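The values are calculated or read from the model by the stated rules, or taken from the named source; none is laboratory data. Note that the structure is a prediction, hence the values are computed from the model and not measured. Methodologically, a virtual Cβ is constructed for each residue, glycine included, from the backbone with ideal geometry; neighbour enumeration extends over all protein chains shown.
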Amino acid sequence: MAEISKTKLTFFLITSTLLITFVFYAYQILYTPNILVDRDDRTFIIRSGYTFRKVQQELGKGGFVNDMVSFSFLARIKDYDKHVLPGRYTLRRNMTNIQAIDVLESGSRQAVKVTFTNVRLLDELSEKITKNIGVSPVEFDEALEEFIEANTEGFTKENAISMFLPNTYEVYFNVLPDELIERMHDEYKNFGMKND
């Protein structure tokens, strides 16, 4: 009978130790600061086409995450590794893994300011308008050419620059090239209606 008691006691102690260890580690993964520990808030950019592996690399390279294993483990549990959303995100000082993943998962990205003035040629425009966003000048030029070909309002390569009114606009970092051009077209139409 004493043998059974020792076996049960040993089993109980081992099981209790493992359970306590697991609970402690789970608590650390969920609630211990792991993002920008004792650092200032920073912006993290996820470009279109980024995979979870690329997000991990950029977070590590930028010094955002202290313990990449715990971050990656929780991200996989929450299926973030399958749903990476491009955008510009603010990661705050001493965030926990769960808070950071919630921010990245939510798609609550920041708007960026697009400013252009003193632009006379379309070639100059593409460089200035794409400076702060995730669209390359080449992508912008291609979308603009498609717009010029498809529009019914008489815009050509020679006069399309008139559609882009110098100002500061807020758009999302991951705006698509055709969405940006449509936004500028809408601004042009609204400006024309105000002046009629």
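Inspect segment 88-99 for any residue being within 30 Å of Ala160 (Cα to Cα) and either touching an Asp or Glu at 6+ places or on another chain (Cβ under 7 Å) or crowded, with 17+ Cβ neighbours inside 10 Å (or both) and give the result as yes or no. Yes, that holds for at least one residue.
Each row is one residue, and each column tells you yes or no for (1) in the same structural domain as Phe173 (by TED's automatic domain parsing); (2) aliphatic (A, V, I, L, M); (3) touching a Leu at 6+ places or on another chain (Cβ under 9 Å).
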site: Val84; (1), (2), (3): no, yes, yes
site: Gly87; (1), (2), (3): no, no, yes
site: Leu91; (1), (2), (3): no, yes, yes
site: Met95; (1), (2), (3): no, yes, yes
site: Leu104; (1), (2), (3): no, yes, yes
site: Phe116; (1), (2), (3): yes, no, yes
site: Val119; (1), (2), (3): yes, yes, yes
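Of the residues making up segment 25-45, those that are within 23 Å of the chain's Cα centre (by Cα) and assigned to a helix (DSSP H, G or I) are Ile29, Leu30, Tyr31. Is it fair to say Val175 is part of a loop (DSSP other than H, G, I, E, B), of a type in the set (A, V, I, L, M) and free of Cβ contacts under 8 Å to residues at least 40 places away in the same chain? No; evaluated as a whole, the condition is false for this residue. Restricting the search to helices (runs of 4 or more DSSP H) fully inside segment 47-116 and requiring at least 2 residues that are touching a residue at least 40 places away in the same chain (Cβ under 8 Å) and under 15 Å from Thr32 (Cα atoms) gives 68-77, 97-106. One residue stands out in segment 62-77 among those that are crowded, with 16+ Cβ neighbours inside 10 Å and out of contact with any strand residue (DSSP E or B) (no Cβ under 8 Å at 6 or more places or on another chain): the one that is farthest from Ser136 (Cα to Cα), namely Leu74. Does any residue of segment 50-61 turn out to be assigned by TED's automatic domain parsing to the domain that holds Ile161, among the basic types (Lys, Arg) and surrounded by fewer than 16 Cβ atoms within 10 Å (Cβ to Cβ)? Looking for residues that are assigned by TED's automatic domain parsing to the domain that holds Ile161, among the basic types (Lys, Arg) and surrounded by fewer than 16 Cβ atoms within 10 Å (Cβ to Cβ), one finds none in segment 50-61, hence no. Residues of segment 121-136 that are within 17 Å of Glu179 (Cα to Cα) and not in a helix (DSSP H, G or I): Thr130, Lys131, Asn132, Ile133, Gly134, Val135, Ser136.
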